[in-house]
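Step one of this worksheet: look at the structure below.
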Amino acid sequence: LITSTTVYVTVTVPAGTGGAIDTTTVTATSSSPLGGSVATATDTTAVPQVPGVNLSPGTAKYTYPGETVTFTHQVTNTGNGPDTINFAYASVNGWAINGPATVTLPAGGSRTINVSVAVPSGFYEGADVLYVQAASAANGAVTALAQNTTIVHRPDWLPLAGVMALFLVLVVVAS
């Protein structure tokens, strides 16, 4: 008499294992008095990676010409697997920007990043917008964007610059 039994295998996928592939092998051995036999079955479980990224919102800061302003953001991998987050930066006025190129985070992991923008010494009054974009390396279409504003004040001494120049000319002529 030959009988068969269906065997069900349950695989529990741990959190944070997006993109992982696991192989499960089940081995069955008969214990017949006429001689045993062995059969195996192999199943593969693939967990698709679902990327996600979050970036804390931007802020506004006041400064003066020639200063460097630093903005702080929290970047979070909201996906189900580890991911490298790529950063891109843009200043509306084309000012120099310094920030990390990438960070690698586990699923659910966060890190603080600092992004600085240098205000040119000849920029006496106005504003700049600094865009920070975070993109998943697993899927570049998954992005987050923050917008920071740098407001540059005219230094208190600037209106006196013309008076000081005239004073110096008068001092030189009088000498």
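Observations, loosely collected:
- Within segment 49-59, at least one residue is modelled with pLDDT under 95, more than 19 Å from THR150 (Cα to Cα) and open to solvent by less than 70 Å² (accessible area, probe 1.4 Å).
- Criterion violated by ASN54 - all others in (1) part of a loop (DSSP other than H, G, I, E, B); (2) under 15 Å from ALA135 (Cα atoms); (3) touching a strand residue (DSSP E or B) at 6+ places or on another chain (Cβ under 8 Å); (4) not aliphatic (A, V, I, L, M) satisfied: (1)
- Flag if TYR89 is open to solvent by 40 Å² or more (accessible area, probe 1.4 Å) and part of a strand (DSSP E or B): yes
- Subset of segment 97-111 (residues that are touching a residue at least 40 places away in the same chain (Cβ under 8 Å), open to solvent by less than 70 Å² (accessible area, probe 1.4 Å) and touching an Asp or Glu at 6+ places or on another chain (Cβ under 9 Å)): ALA107
- Of residues in segment 12-22 being loosely packed, with under 10 Cβ neighbours inside 10 Å and either over 25 Å from the mean Cα position of the chain (by Cα) or of a type in the set (Asp, Glu) (or both), the one nearest to VAL47 (Cα to Cα): ILE21
- Number of residues in segment 117-136 that are among the aliphatic types (A, V, I, L, M) and either in contact with a Cys (Cβ under 9 Å, 6 or more places away or on another chain) or without any contact (Cβ under 8 Å) to a residue 60 or more places away in the chain (or both) equals 5.
- THR25 open to solvent by 70 Å² or more (accessible area, probe 1.4 Å) and not in a loop (DSSP other than H, G, I, E, B): yes
- Looking only at residues in segment 83-126 that are closer than 21 Å to ARG154 by Cβ and of a type in the set (Phe, Trp, Tyr), the one that is modelled with the lowest pLDDT is TYR124.
- Candidates ASN139, ASN80, ASN114, filtered to the one that is surrounded by fewer than 16 Cβ atoms within 10 Å (Cβ to Cβ), closer than 30 Å to ALA15 by Cα and touching a residue at least 60 places away in the same chain (Cβ under 8 Å): ASN139
- Restricting segment 142-163 to residues that are open to solvent by 50 Å² or more (accessible area, probe 1.4 Å) and in a loop (DSSP other than H, G, I, E, B) leaves a set whose member that is modelled with the highest pLDDT is HIS153.
- The numbered conditions (1) open to solvent by 60 Å² or more (accessible area, probe 1.4 Å); (2) closer than 27 Å to VAL13 by Cβ are all true for VAL75 except (1).
The values are calculated or read from the model by the stated rules, or taken from the named source; none is laboratory data. Everything numeric in this text was worked out from a predicted model, so none of it was measured. Cβ sites come from the backbone with ideal geometry, for glycine too, and all protein chains shown count toward neighbours. Just so you know, the surface numbers come from the protein's heavy atoms only, side chains and all, with ligands and any DNA or RNA stripped out. Shrake-Rupley method; radii C 1.70, N 1.55, O 1.52, S 1.80 Å.
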